[in-house]
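The values are calculated or read from the model by the stated rules, or taken from the named source; none is laboratory data. Computed from a prediction, not measured in an experiment: that's the story for all the values here. Methodologically, a virtual Cβ is constructed for each residue, glycine included, from the backbone with ideal geometry; neighbour enumeration extends over all protein chains shown. When the accessible area is computed, the model is the full protein with side chains, heavy atoms only, and any ligands, DNA or RNA have been set aside. Shrake-Rupley method; radii C 1.70, N 1.55, O 1.52, S 1.80 Å.
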Amino acid sequence: MDDNCLFCKIAAGIIPVEKLYEDEEIIAFSDIAPQAPVHFLVIPKKHIAGPAAIGQDDEHLLGRALRVAAQIAKKEGIGDQYRLVTNNGTEAGQTVFHLHLHVLGGRTMQWPPG
Ligand code: AMP
Ligand code: ZN
């Protein structure tokens, strides 16, 4: 756990969130500033700074995170219609430096993203 990391504190239960899913390795919760009718985040509890910091040992964990995202999307009523986003670096819009998958759905998406 990184003591200065917001999402490590969420994973540890120190900061309360609207939790949608939790197991030993992964937690998912509603985004505090939703950009779509359904917008939640799926994060590994392990501190990984972002997509570029994913190690070989994390491959299984990240594969599971994708599957968990799909399962929650179904549970949240958006079926298999959603956008998965993970920002890497400030230029790409990353503001929290703990890997997270955004799952957005419930409306028609535009392309290209901003
Ligand atoms: P990013 O900008 O890709 O790093 O995404 C960070 C996301 O975390 C943003 O969509 C924020 O709205 C969200 N966020 C920040 N703080 C919280 C919080 N306490 N609970 C839930 N979501 C949060
Ligand atoms: Zn962290």
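Quick one: putting +1 on the C-beta of Lys and Arg, -1 on the C-beta of Asp and Glu, what dipole do you get for the stretch 1-45 around its Cα centre, in Debye to the nearest 20? Don't skip to the answer; put the middle values down first.
Values: 3 positive and 8 negative charges, 31 e Å.
With Lys and Arg at +1 and Asp and Glu at -1, about 140 debye.
Using the Karplus equation 6.51 cos²θ - 1.76 cosθ + 1.60 (θ = phi - 60°), what ³J(HN,Hα) coupling, rounded to whole Hz, does each residue of the stretch 85-93 give in order, writing x for Gly and Pro?
For the stretch 85-93, the Karplus curve yields 10, 9, 8, 10, x, 4, 5, 8, x Hz.
Cα-based count: Lys pairs in the chain below 20 Å, eight or more positions apart or different chains?
7
Please compute the per residue accessible area over the chain with all protein chains in place, 1.4 Å probe, rounded to a whole number of Å².
Per residue, the chain has an accessible area of 60 Å².
Summarise the accessible area of the chain (1.4 Å probe, protein heavy atoms) by the percent that is carbon and sulfur.
On the way: 3550 of 6820 Å².
C and S atoms contribute 52 percent here.
Mind telling me which of G79, G89, G63 comes out most flexible in a GNM of the chain, alpha-carbon contacts under 10 Å?
The residue that fluctuates most here is G63.
For the chain, what does the relative contact order come out to in percent, with C-alpha contacts under 8 Å and a separation of six or more?
29 percent
Around Y21, which amide H atoms from residues at least 5 apart in sequence, or from another chain, sit under 5 Å from its own amide H, with H modelled in the peptide plane?
Amide H neighbours of Y21, under 5 Å, 5+ apart: A28.
So what's the angle, to the nearest 10 degrees on a 0 to 90 scale, between helix 59-75 and the longest Cα principal axis of the chain?
Result, in degrees: 40.
Could you pull the Cα extents of the chain along its three principal axes, largest to smallest, in whole Å?
Dimensions of the chain along the principal axes of its Cα atoms: 37, 30, 27 Å.
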